[in-house]
Amino acid sequence: MQSKLNKYGYVFILPFFIVFATFTIYPIILTFYYSFTSYSGFGDAAFIGFDNYQRLLTDSYFWEAFYNTIYIWGINFGFQLGIALLLAILFSDIRLKMKGLSFFRAAFYLPNLITIASVALLFGILLGWHHGTINHILLDLGFISEPINWLNNPTTARWSVALIGAWMWFGHTFIILMAGISGISNDYFEAALIDGASRLQMFFKITLPLLKPIMLYVLITSLIGGLQIFDLPMLLTDGRGAPQGSLNTMVLYLYNQAFRVNNYGYAAAIAYGLFIITVCFSLITFKAMYRKSVKGE
Amino acid sequence: MNEQTKKKNKIIKSIFYTLLVLLVIISFIPFYMMIVNATRSNADILRNGFTLIPGQAIVDNYNVLLEYMNLWRGFANSLIVALAVTVLSSYFSALTAFGFSVYKFKGSNFLFVTILVLMMVPGQLGLIGFYDIMRTFGFLDTYIPLIVPPIASTFTVFFLRQFLSSVLHSSLIEAARIDGAHEFTIFHKIGVPMMMPAISTMAIFSFIGSWNNYILPLVVLFSPEKYTLPVMMGALRGSQVAQNLGAMYLGIAISVVPIMTAFIFLSKYIISSISAGAVKE
C-alpha cells in the first residue's frame, strides 16, 4: 500500500516547486542572462558578452560601494557581537546568578522588531543638523559647542549607520547566544566552580568553545544580511548614498542602476558580483572557524 | 562562600545592574524622544530643542499628517500582506515538509538538497529578473509579487522537516490509513497539529519578515494607496510633512507604537522562536 501512496509525495511538494521555479529559480536564471546584455527594461536585450562584468571590475563606484558595505558591516558587527557577548558572559555566570533575563532580553530585542524604514526616519531627524535631538542633547551637556552635521560627513555618516545597525541587532544576537549557552550542560560549570576556575577562565575555556557553532551561525547570517544592507542608507540619504557616496552600498547601487537609470543589464551583473562576493566571504568564514576549532582540540 | 566574597559579589552585581539599566535606556530613549516630540509643535521643537516633557500639539500634528498621507491605510495594507504571507507560507511549507518526510519517492533527496543550496542564496540575486517577469505577467502594482513567492519559503520547509523527523511516527500514519483516511485528511488531521509548535515559530518569522520588507514593495508598487507601511514611511520623508517635525515624529510613532504594544504581549513567543530557530540550525 505504502509504495502506491508514495506518489502523493509529488502532489504534496508540487505547489512549492511550481512557485519556487516561477518566482525564485527562473528570476535568478533570467538575471544571469540579462547580466550579459545591455537590457534597458524595454525592447530587446542585446547580447554583449562579458562587457558588464568587465565594467564591474573597473567601476570605482561599485568598489567604493563594496568598501562602504564592508566598513559599515564591520563596525556594526563588532559592536553588536561585543555587547551581546558581554551580556551573555554576565547572564551565564553561575556565581552571579543575575535575575531578569527575560525582561532584559525583551527590552534589548525591541529595536529589532521596528520596521527599518521607521528607524531610518526616526534617526534621520534625531541626527538632524540644527534641530536634531542628539545635537540638542550634546549641546546642552556641553560636549560640543557647534551642532554636528552627522549625516553630511562621510565618516560620521558611516558610523551613524553602523551604530544604528548595532543598536538594532545586539539584542537579537544576545538572544541567540543565550539560546546556545542554555544548551550547555550545567555540569561543566559546576565542575569548574569546584576546581576554583575564575569567571573569565570559565567563559573562555567552556562557554566560548562550545558556542562555536552558534557563533558561526551569527557571523554568517549577519554577514549575508550585512552585505545586502539597503534600507538604512537608502532612507538616511537622498537615496543615492550621499554624502560623497559614503553610504552608497552594493544593493543601493544595484537598485539605482536598475530602477533609477534603467541599466538592467548592468544591475544584473552587480547582483551576480554581490553574489560571488557573498559566497567568497562565507567560505572564508567557514574555513577560518573550522581551522581554529581543529587547532583548539 | 565567606562573607567577604558575598559582599564583593553584591557590589559587582549592582554595578552590572546599573549598566544593564543604562543599556535598556539606550534601547528605549529614541522611542521615548519620538513619542515626546510627536506631541510637540514644530515651532516648539525648533525653538526649545530637547525636553523629556510631552507637549499638547498632538491633534494638530495628526491633522497635518493626515492631510498628506493616510498612514492607517499603509498600516492596513501591511497587515493584509503580512497575514496573507504568514498563512500561505505556513500552510504550503507544512505541506511540502510533510511530503518530504512521509513519502519515499524518486528524486526527493535531490529536490531537498536543491532547497538547501538555494536557501543560502541572497534574496537580491534574482531581483532584476523577478521585476521583469512580474511586468510580463502584469503583476506590477498588485500584491501578487509580495504574497505568492513566500509559498516557497525554503527555510521554513527545512525547519519543519527537521521538526517532523523528530516527532513523526509512521505507525500513527499507518493506523489512520487502515481506518481509511485519505492522505490529505491525514495531513490536516495528524500532520498539521503535530507540526503546530514549529509552524507557529516560523509564522512569527514570516510575519515580521513581511512586515519589515522594504525593497520589494518599493520596487513593485506604484500607487500610493497600495503602499505598505515601510514604503509609505519612505514617501513621508520626501513629502511636505517633513517640514513639520512634530507631524513627522507622529507619523513615525504611528508606525511604531502598535508593534511595540503587540510585542509587550508576544515577547515571550517571539524570543523563544528566535532561540529555537538558531539552535535548530
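The values are calculated or read from the model by the stated rules, or taken from the named source; none is laboratory data. Keep in mind the model is a prediction, meaning the values are calculated, not measured. Here the Cβ is made from the backbone with ideal geometry for all residues, glycine too, and neighbour counts use every protein chain on show.
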Go through B:ILE252, B:ILE264, B:ILE208 for me and flag whichever is assigned to a helix (DSSP H, G or I), touching a helix residue (DSSP H, G or I) at 6+ places or on another chain (Cβ under 6 Å) and either more than 8 Å from every other protein chain (Cβ to nearest Cβ) or among the β-branched types (Val, Ile, Thr) (or both).
B:ILE252
Test A:GLY9 against the criterion of being at pLDDT below 95, outside any helix (DSSP H, G or I) and of a type in the set (Gly, Ala, Ser), and give yes or no.
no
Any chance region A:220-234 includes a residue that's over 18 Å from the mean Cα position of the chain (by Cα), more than 8 Å from every other protein chain (Cβ to nearest Cβ) and not charged (D, E, K, R)?
no
B:PHE92 - would you say it is at the interface with another protein chain (Cβ under 8 Å from one of its Cβ atoms) and at pLDDT below 95?
no
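Given the residues A:PHE42, A:PHE50, A:PHE36, A:PHE17, which is the only one that is of a type outside the set (A, V, I, L, M), within 30 Å of B:LEU160 (Cβ to Cβ) and more than 25 Å from the chain's Cα centre (by Cα)? Write out each step before concluding.
On the way: A:PHE42 fails: within 30 Å of B:LEU160 (Cβ to Cβ); A:PHE50 fails: within 30 Å of B:LEU160 (Cβ to Cβ); A:PHE36 fails: within 30 Å of B:LEU160 (Cβ to Cβ).
Of the residues listed, the single one that is of a type outside the set (A, V, I, L, M), within 30 Å of B:LEU160 (Cβ to Cβ) and more than 25 Å from the chain's Cα centre (by Cα) is A:PHE17.
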Give me the residue from region B:223-251 that is more than 20 Å from B:VAL81 (Cβ to Cβ), surrounded by 18 or more Cβ atoms within 10 Å (Cβ to Cβ) and among the aliphatic types (A, V, I, L, M) and, out of that set, modelled with the lowest pLDDT.
B:VAL241
If you take the residues of region B:145-167 that are of a type outside the set (Val, Ile, Thr) and surrounded by fewer than 19 Cβ atoms within 10 Å (Cβ to Cβ), which of them is nearest to the other protein chains (Cβ to nearest Cβ)?
B:PHE155
What helices (runs of 4 or more DSSP H), lying completely within region B:117-188, carry at least 2 residues that are not aliphatic (A, V, I, L, M)?
B:127-137, B:154-167, B:170-178, B:183-186
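Taking B:GLY107 as the residue in question, decide whether it is at positive phi and without any contact (Cβ under 8 Å) to a residue 40 or more places away in the chain. I'd like the intermediate steps shown before the answer.
Working: at positive phi: yes; without any contact (Cβ under 8 Å) to a residue 40 or more places away in the chain: yes.
Yes; evaluated as a whole, the condition is true for this residue.
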Can you tell me which residue in region B:21-57 is farthest from the other protein chains (Cβ to nearest Cβ), limited to those that are exposed (fewer than 14 other Cβ atoms within 10 Å of the Cβ), out of contact with any helix residue (DSSP H, G or I) (no Cβ under 8 Å at 6 or more places or on another chain) and not basic (Lys, Arg)?
B:GLN56
Could you tell me whether A:ALA192 is more than 8 Å from chain B (Cβ to nearest Cβ), over 19 Å from B:ARG237 (Cβ atoms), surrounded by fewer than 23 Cβ atoms within 10 Å (Cβ to Cβ) and modelled with pLDDT of 90 or more?
no
(1) among the hydroxyl-bearing types (Ser, Thr, Tyr); (2) modelled with pLDDT under 90; (3) in contact with a Leu (Cβ under 7 Å, 6 or more places away or on another chain): which one isn't true of B:SER27, the others all being true?
(2)
Read through the list (1) outside any loop (DSSP other than H, G, I, E, B); (2) β-branched (Val, Ile, Thr); (3) free of Cβ contacts under 8 Å to residues at least 60 places away in the same chain, then give the number of the only condition that B:ILE35 fails.
(3)
Quick check on this structure: which one of B:SER223, B:SER275 is facing another protein chain (nearest Cβ under 8 Å) and of a type in the set (Gly, Ala, Ser)?
B:SER275
Considering only residues that are more than 21 Å from A:PHE259 (Cβ to Cβ) and not in a helix (DSSP H, G or I), which ones fall in region A:17-50?
A:PHE47, A:GLY49, A:PHE50
Mind checking which residues of region A:46-72 are without any contact (Cβ under 8 Å) to a residue 40 or more places away in the chain, surrounded by 13 or more Cβ atoms within 10 Å (Cβ to Cβ) and farther than 29 Å from A:LEU219 by Cα?
A:ASP51
Is it true that A:ILE48 is more than 30 Å from B:GLY180 (Cα to Cα) and in contact with a Ser or Thr (Cβ under 8 Å, 6 or more places away or on another chain)?
yes
Working only within region A:139-156, note down all residues that are of a type in the set (D, E, K, R) and either touching a helix residue (DSSP H, G or I) at 6+ places or on another chain (Cβ under 6 Å) or not in a helix (DSSP H, G or I) (or both).
A:GLU146
Restricting to region A:212-245, what's the tally of residues that are touching a residue at least 24 places away in the same chain (Cβ under 8 Å) and assigned to a helix (DSSP H, G or I)?
20
Just a yes or no: is a residue in region A:82-105 in a helix (DSSP H, G or I), of a type in the set (Gly, Ala, Ser), without any contact (Cβ under 8 Å) to a residue 24 or more places away in the chain and crowded, with 22+ Cβ neighbours inside 10 Å?
no
Just one of A:TYR290, A:TYR264, A:TYR253 is more than 29 Å from A:ILE164 (Cβ to Cβ), crowded, with 20+ Cβ neighbours inside 10 Å and among the aromatic types (Phe, Trp, Tyr); which is it?
A:TYR264
Exactly one of B:VAL64, B:VAL81 is touching a residue at least 60 places away in the same chain (Cβ under 8 Å) and under 30 Å from B:ILE190 (Cα atoms), and that residue is B:VAL81
With respect to the numbered conditions (1) modelled with pLDDT of 85 or more; (2) within 11 Å of chain B (Cβ to nearest Cβ), which one is the sole condition not fulfilled by A:GLY183?
(1)
Report the residue count in region A:114-138 for those that are without any contact (Cβ under 8 Å) to a residue 24 or more places away in the chain, part of a helix (DSSP H, G or I) and either surrounded by 21 or more Cβ atoms within 10 Å (Cβ to Cβ) or more than 8 Å from chain B (Cβ to nearest Cβ) (or both).
8
